[in-house]
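Written below as structure tokens is the structure these notes are about.
Computed from the coordinates by the stated procedures, all read-outs in this text should not be read as laboratory data. Since this is a predicted model, take the numbers as computed values, not measurements. We place every Cβ from the backbone using ideal geometry, glycine too, and count neighbours over all the protein chains shown.
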Number of protein chains: 4
Amino acid sequence: MTDLQDLRTRVCALHTELTRWDLVAWTSGNVSARVPGTDRMVIKASGVSYDDLVPEHMVECDLHGRPVHDSGHSPSSDTAAHAYVYRALPGIGGVVHTHSPYATAWAARGEPIPCAVTAMADEFGGDIPVGPFSRIGDDSIGRGIVATLEHHRSPAVLMAHHGVFTVGATAKDAVKAAVMCEDVARTLHLARQNGPLERLPQEDIDALHDRYRNVYGQK
Amino acid sequence: MTDLQDLRTRVCALHTELTRWDLVAWTSGNVSARVPGTDRMVIKASGVSYDDLVPEHMVECDLHGRPVHDSGHSPSSDTAAHAYVYRALPGIGGVVHTHSPYATAWAARGEPIPCAVTAMADEFGGDIPVGPFSRIGDDSIGRGIVATLEHHRSPAVLMAHHGVFTVGATAKDAVKAAVMCEDVARTLHLARQNGPLERLPQEDIDALHDRYRNVYGQK
Amino acid sequence: MTDLQDLRTRVCALHTELTRWDLVAWTSGNVSARVPGTDRMVIKASGVSYDDLVPEHMVECDLHGRPVHDSGHSPSSDTAAHAYVYRALPGIGGVVHTHSPYATAWAARGEPIPCAVTAMADEFGGDIPVGPFSRIGDDSIGRGIVATLEHHRSPAVLMAHHGVFTVGATAKDAVKAAVMCEDVARTLHLARQNGPLERLPQEDIDALHDRYRNVYGQK
Amino acid sequence: MTDLQDLRTRVCALHTELTRWDLVAWTSGNVSARVPGTDRMVIKASGVSYDDLVPEHMVECDLHGRPVHDSGHSPSSDTAAHAYVYRALPGIGGVVHTHSPYATAWAARGEPIPCAVTAMADEFGGDIPVGPFSRIGDDSIGRGIVATLEHHRSPAVLMAHHGVFTVGATAKDAVKAAVMCEDVARTLHLARQNGPLERLPQEDIDALHDRYRNVYGQK
């Protein structure tokens with residue numbers, strides 16, 4: 001198996017995490033990955049059901065979102081946004097987009113999620129910010145994502161009136177961020193329904209985030 | 001396999017989407033399809049559990065909801081409403097009815113779902129409207145569905161104090177509309193719990209809907 | 001297979017509906033059935049995990065809740081309540097008890113569920129009432145169930161600060177009532193979060209309930 | 001199979017209950033058990049996906065949380081908290097930690113769950129209390145758990161701005177407490193959204209809890 005085919009297989013399989021953790025409805029979310037060492041990416045084909053997804057549906061594109069072969073599959077309608085992120089942020093190897101319901105509820109109001117629980121300090125290092133509303137179709141969404149993320153530690157951004165984009169060193173890291181984003185969006189939605197939310201002190205957020213990045217998981 | 005048997009097989013299988021996406025409880029939703037090129041339709045038999053459903057439970061009826069054979073199965077008690085839609089709207093090939101919980105919550109209050117997120121502009125082209133309350137049993141529900149849909153782009157209508165009806169060029173399109181209707185009903189229910197909803201500007205809704213219909217998916 | 005063994009097999013299998021429809025946590029719900037033509041019932045053994053449940057865990061008891069054999073299994077701690085229902089209501093062949101979350105939320109407040117959607121008129125013929133709080137351990141809960149149900153058409157009752165009991169001609173009917181009770185409890189909880197609930201007119205409730213009992217399902 | 005290997009197998013398997021009952025996202029919860037008759041414990045390895053978990057991922061540690069062998073796996077970043085509980089409470093054989101969403105919503109507000117339904121009196125014998133906020137990394141969390149639990153009958157404690165810890169005579173008992181904690185956290189969250197909660201009278205709580213401990217389940 002070539003490296004590209006292996007990457008397609010892994011990116012294809014990561015879509016099952018989107019359905020498992022209830023992040024998507026019908027075909028409404030997608031995962032992409034940079035092809036390491038190249039100016040290319042692979043991304044889910046547009047409108048294909050998760051049940052039917054095979055590695056060949058991961059369409060290889062350049063970093064302007066143009067398919068590099070005529071594979072017979074059109075890439076996701078969100079491809080321009082993913083591509084812009086890879087162009088602007090060289091350290092990013094994976095991008096995920098969902099309309100997961102609790103996170104998108106915060107996005108619909110244009111309200112950031114305040115860092116009020118330790119799991120959020122760990123994974124996001126602070127609030128999950130809101131990016132600007134943009135119509136789909138050109139670089140606008142990508143620019144909004146990058147402009148928002150550069151002022152935050154968070155690998156997740158809530159695009160106003162739209163949904164969630166997450167980034168990571170790998171596609172798997174970006175999927176993890178999408179799962180955790182929905183989890184904390186839900187917990188803090190529930191918490192706020194019965195009272196105001198109190199943000200953690202910045203000093204604690206900093207300490208928790210630093211520890212999580214350096215101590216958590218296997219060496 | 002005849003075309004009719006093939007249609008029955010596909011309509012039967014689409015009921016698994018109703019349970020997979022949590023749109024139904026016990027036996028409370030149904031899918032129908034027009035038999036192409038005829039004045040007939042097939043629809044789920046009344047009160048049969050989704051576990052037990054086989055293609056033979058898709059009862060062939062005329063477009064007044066009367067079974068055309070004595071198959072031993074009574075069609076859904078919602079058959080008259082489905083049949084009216086097919087009589088009134090020649091372009092419609094599939095109809096779905098559910099009591100999916102978030103959408104039915106909006107219906108119970110008789111409140112349309114405002115078009116406040118891009119996924120809703122894409123799929124519904126505007127608000128999801130509310131149709132009148134009618135008792136089951138004659139053409140009243142069908143008339144209410146058609147009278148409401150003709151003033152909106154939305155393929156979904158919330159029938160007051162009742163539930164959801166969706167339509168599509170095919171039964172699969174109508175099922176997709178039912179899945180997406182519950183998804184946006186949930187997201188906007190959650191959004192509204194912590195603040196007022198702001199509708200997208202009409203110009204953006206128009207642009208998003210136009211693009212979605214003409215660009216999304218595979219050619 | 002004897003009739004009793006067949007009944008045990010069916011009652012055992014019905015417990016999978018409690019987990020499938022998210023009505024129970026850990027071991028917190030149970031199904032029983034009257035043994036037709038006798039003064040006996042079968043009911044789930046106490047504290048046994050649903051994964052481990054086999055027909056032999058359906059303990060045969062008299063209608064005072066006393067095991068009629070030494071089977072090695074203690075019957076559910078709710079057995080006295082089930083038994084009282086069978087003694088008092090000869091037409092009842094099945095009883096179900098759950099703490100399903102949305103219905104128990106109404107029960108925790110001691111608030112009946114108003115008949116505000118057609119599915120509720122169909123299945124419950126009106127509001128789902130609230131019965132009195134009683135401690136477990138003697139006939140008190142059973143008396144509260146029966147005293148409440150005799151003034152309503154509903155096969156479900158919310159026992160204050162406790163949970164749900166449903167009854168039916170068969171155990172399967174009682175399970176269906178438990179599934180539908182949670183479904184309408186959820187829909188009307190959600191509806192009420194964003195506005196007041198409006199009960200359906202009594203005339204419509206009566207017409208819908210009558211039709212549902214006489215027309216719905218297969219002959 | 002040695003006793004230790006058997007314990008590892010059982011603790012590993014109990015993690016499937018965390019995903020089944022929706023208590024965890026990605027890798028965010030863990031189960032541990034005391035090795036009976038020793039000053040050791042086994043606990044999930046840090047950051048390993050539940051899908052990939054095998055008994056060898058249950059890392060054997062002393063009761064200060066230090067691995068006793070170089071197994072190649074780092075123990076959970078919550079190990080110090082678990083270990084402190086075993087040191088301080090000799091009767092405890094199992095500890096569970098989750099960020100289950102409804103319970104963590106109460107924890108985010110620092111609000112105890114009032115004992116307002118009978119299932120809660122049964123399992124928790126009163127309110128589920130809140131423990132102090134502490135940063136991860138030393139004995140602070142463990143001390144907060146123990147100091148809070150010693151004033152309550154509850155086997156569950158909500159750690160402020162963090163999540164849930166539960167204890168039990170065995171790891172399975174602690175898992176059951178975690179499942180029931182989320183269940184009552186959800187039910188009472190829902191109940192409270194539409195009105196104030198009324199605590200059960202203390203006399204009833206005492207009677208229910210006593211009965212549950214002495215009568216429920218198989219002998």
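Out of A:MET180, A:MET41, A:MET159, any idea which swings most in a Gaussian network model of chain A, alpha carbons joined below 10 Å?
Fluctuation is largest for A:MET180.
Got the relative contact order for the range D:2-214 handy, in percent, Cα pairs under 8 Å and 6 or more residues apart?
Numbers: 437 pairs, mean separation 44.7, N = 213.
Reported as a whole number, the value is 21 percent.
Using only Cα atoms, find the angle between the long axis of helix B:140-149 and the longest principal axis of chain B, and express it within 0 to 90 degrees, rounded to the nearest 10.
40 degrees
Between A:ASN214 and C:ASP52, what FRET efficiency follows from the Cβ-Cβ distance if R0 is 35 Å, with the result rounded to 0.05? Can you show the working numbers first?
On the way: r = 43 Å, r/R0 = 1.24.
Taking R0 as 35 Å, the efficiency between A:ASN214 and C:ASP52 is 0.20.
Starting from a label point 7 Å past Cα on the Cβ side, list the distances from B:GLU56 to the same position in the other copies, nm, shortest first.
Relative to the other copies, B:GLU56 has label-point distances of 3.7, 3.7, 5.3 nm.
Over 31 Å between Cα atoms, which of A:LYS44/D:LYS176; A:LYS44/B:LYS44; A:LYS44/B:LYS172; A:LYS44/B:LYS176; A:LYS176/D:LYS176; B:LYS44/C:LYS176 qualify?
Distance filter (> 31 Å) returns A:LYS44/D:LYS176; A:LYS44/B:LYS44.
When a footprinting reagent is the concern and you count Cβ atoms within 10 Å, what order do B:ASP210, D:ASP78 take, fewest first?
So the ranking, lowest neighbour count to highest, is B:ASP210, D:ASP78.
Report the closest approach of any chain C C-beta to the axis of the C-to-D rotation: residue and distance, in whole angstrom.
Residue of C nearest the axis onto D, distance in Å: C:GLN193, 4.
Quick check: convex hull over the Cα atoms of the protein assembly as shown, volume per residue in Å³, rounded to an integer?
173 Å³
Return one number: the angle in degrees, 0 to 90 and rounded to the nearest 10, between the long axis of the Cα atoms of helix A:3-20 and the longest principal axis of the Cα atoms of chain A.
Tilt of helix A:3-20: around 50 degrees.
What is the distance in Å between the Cα centroid of the range C:1-37 and that of the range A:46-94?
Centre-to-centre (Cα) distance: 49 Å.
Tell me the angle of helix A:79-88 to the major Cα principal axis of chain A, expressed in degrees between 0 and 90 and rounded to the nearest ten.
In chain A, helix A:79-88 runs at an angle near 70 degrees to the longest axis.
From the label point of A:GLU203, set 7 Å along Cα to the beta carbon, how far off in nm is each other copy's matching point, shortest first?
5.0, 5.0, 7.1
Using alpha carbons only, what's the Rg to Rh ratio of chain A with Rh from Kirkwood?
Dividing the radius of gyration by the Kirkwood radius yields 0.97.
List, shortest first and in nm to one decimal, how far the label point of D:VAL215 (7 Å from Cα along Cα→Cβ) is from its counterparts in the other copies.
4.7, 4.7, 6.7
How large is ³J(HN,Hα), in whole Hz, for each residue of the range D:171-184 in order, when computed from phi with the Karplus curve 6.51 cos²θ - 1.76 cosθ + 1.60 and θ = phi - 60°, using x for Gly and Pro?
Here the 3J(HN,Hα) series is 4, 5, 4, 5, 5, 4, 4, 5, 5, 5, 4, 5, 4, 6 Hz.
Quick query: amide H of D:ILE113 versus all other amide H atoms, modeled in the peptide plane; which residues come in under 5 Å with a sequence gap of 5 or more or a different chain?
The list, which skips near neighbours in sequence, is D:ILE128.
Could you size up the charge dipole of the range B:2-214 around its Cα centre, putting +1 on the beta carbon of Lys and Arg and -1 on that of Asp and Glu, and report it in debye to the nearest 20?
Around 160 debye, computed over the range B:2-214.
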